[in-house]
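The block underneath contains the structure these notes are about, expressed in structure tokens.
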Amino acid sequence: MAGIELVQRVEGFGKSTAVEDWTGDFTYAELLRVSRFAALNLLGDYKDLAEKRIAFIVPPGFEYVALKLGVWIAGGVSVPLGITHSPREIEYVVRDCGAETVIFHPDFTGKLKRALSGTGLRVRFLPEVFRPARGNLPMVSEERRAMIIYTSGTTSRPKGVVLTHLNIKVQINSMIEAWKWSGGDSILNVLPLHHLHGILNVVLCSLWSGARCVMINGFDSQSVWESFAEKDLTLFMAVPTIYSKLIDSWENSTERERKRISDSLRGFRLMVCGSASLPVAVLEKWKEISGHVLLERYGMTEIGMALSNPYAGERLPGRVGFAMPGLDVGIFDERDRRLGEGSSGEIRVKGKNVFLEYWGKPWETERSFRDGWFCTGDIAFLGPGGSYRILGRESVDIIKSGGYKISALEIEEALGEHPLVEECAVVGVSDSHWGERVGVALVLREGFSIELDGLRDWASDKLAPYKLPTLLLSFSSLPRNSMGKILKSDIKKSFENSL
């Protein structure tokens, strides 16, 4: 039987509800039984999958969780595929990771046939994998590879981030301690389960704790509000876009509905926001609606969660808090010197939480580390007491103009306060004289317009002159990936095309 501690913990929770989805409620005992069936059917004539990659495309729910555990119990490496991804994107992931088998839910038959046509890969229909089976299961050490998660690929082709069972365990334990998970918790998942945020922060932390994970099939504001009101939840984790959509829905509700919604939020003990920068206006509006100050945190696929505002204590807007329990986090300059409080530099992380490798890319893996520290590429200011403020990514959110290094996020925060601005994104646009110019992409309130000079005048008391935008484009909506992150590479291309 698997020596994976997560699976061992699942064994101990018995009749408690593990997963609730649109098909029913499932106990931990049922989850373990079905996961073992999946493991035995995946093994077939093998005694151990021995890190064979098993890719799968399954909607969020009990079957997703049971299959993921089944792959691990059989000694395989799980490679979850995005249910909204195109056939071309699916084909890339499957080919890149060298998957031996691809498992699919009936809902994705057409998409998978187009993606895998001519590949010769073994494809298995989901119900077949869960049929009753008997046999012996392998021992799986925690040093083994467990999962490959593909990064969003906003600046290059996606890379497969390889996490071991030990990496996952360390990441989970850090969050359990920081956010005080317990078996009495219930969490609603609305996040895609081919990214680490939903997989780790929600599903795996819930399983580790013996908590209940409620899943809905696809996000819509009304379903989320109904779940808040009816499901006796204690935890919620989402990205800024989701909180913004929920706020819009609340504002368009009747007074009676608003009161019912707000009352349903009082019973939560924690609400977390991450994966993208949280506008202060969203944080403040959510507090008004719910009574909760959203806990902002910082993490990456390669390291799990590294920084967090405190569970108990003051949460500072625009800050992502302090180093998570048990993790070594610091900021470094371009000469690899570790810097102290009051300085800005690149966030680097060291520890057993850090991923093993980029799949099939040893050079990419090697250049991501300096003296054992993983280089995140994110720039932060380290404040008094060890609190971090993200300034942006070296390659995306740090604009180099006229000798200055300018934080795009700082400008976005300021421009986001303009009464006509619904959303904004700031990028550096290549310029032969300045190096880069500050370009702002705006989504304005319906029926309104704004000129560049007027925006600069309005912002002149909030930003230094060299930080004011010199280019402006209006959008009906900003381009985003499946996690709600703004695709700044697409915006940069729009500016380049306009010039």
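Side notes on the structure shown:
- Two-site label geometry, S430 and S476: point separation in nm, points 7 Å out along Cα→Cβ: 3.0
- Look at where the Cα atoms of segment 203-255 and of segment 289-306 average out, and the two centres are 15 Å apart.
- Most to least packed among 268-281, 98-111, 202-215 [average Cβ atoms within 10 Å]: 202-215, 268-281, 98-111
- Its alpha carbons give segment 109-202 an Rg and a Dmax of 17.5, 49 Å.
- Each peptide in 288-294, 482-488 was scored by the mean count of other Cβ atoms within 10 Å over its residues; highest first, the order is 482-488, 288-294.
- Taking 7 Å steps out from each Cα toward its Cβ at S117 and E177 produces label points 5.2 nm apart.
- When you restrict to C-alpha pairs under 8 Å that are six or more residues apart and normalise by the size of the chain, the relative contact order lands at 11 percent.
- Translational diffusion of the chain, µm² s⁻¹ [Kirkwood Rh, Cα pairs; Stokes-Einstein; 10 °C; 1.306 mPa s]: 67
- Where only DSSP H runs of four or more residues are counted, the chain gives -9000 deg cm²/dmol as its mean residue ellipticity at 222 nm, each run worth -39500 (n - 2.57).
- One decimal place: the segment V280-L499 gains 75.6 nm when fully extended, by the rule 0.36 nm per residue minus the C-alpha distance.
- Beta bridges per DSSP with both ends in segment 194-318, % antiparallel, nearest 5: 40
- Förster radius 35 Å - calculated FRET efficiency between A229 and T27, Cβ distance, rounded to 0.05: 0.90
- Structure note, pairs K52/K113; K285/K352; K159/K285; K52/K485; K52/K493: Cα-Cα distances above 27 angstrom occur for K285/K352; K159/K285; K52/K485; K52/K493.
- Distance in nm between pseudo-label sites at F369 and D461 (7 Å out along the Cβ direction from Cα): 5.3
- Translational diffusion of segment 1-84 was estimated from the Stokes-Einstein equation, with Rh taken as the Kirkwood radius over Cα pairs; at 20 °C and 1.002 mPa s the coefficient is 164 µm²/s.
Computed from the coordinates by the stated procedures, all read-outs in this text should not be read as laboratory data. Model, not experiment: these values are computed from the prediction. For neighbour counting, all protein chains shown are included, and Cβ atoms are generated from backbone atoms with ideal geometry for every residue, glycine included.
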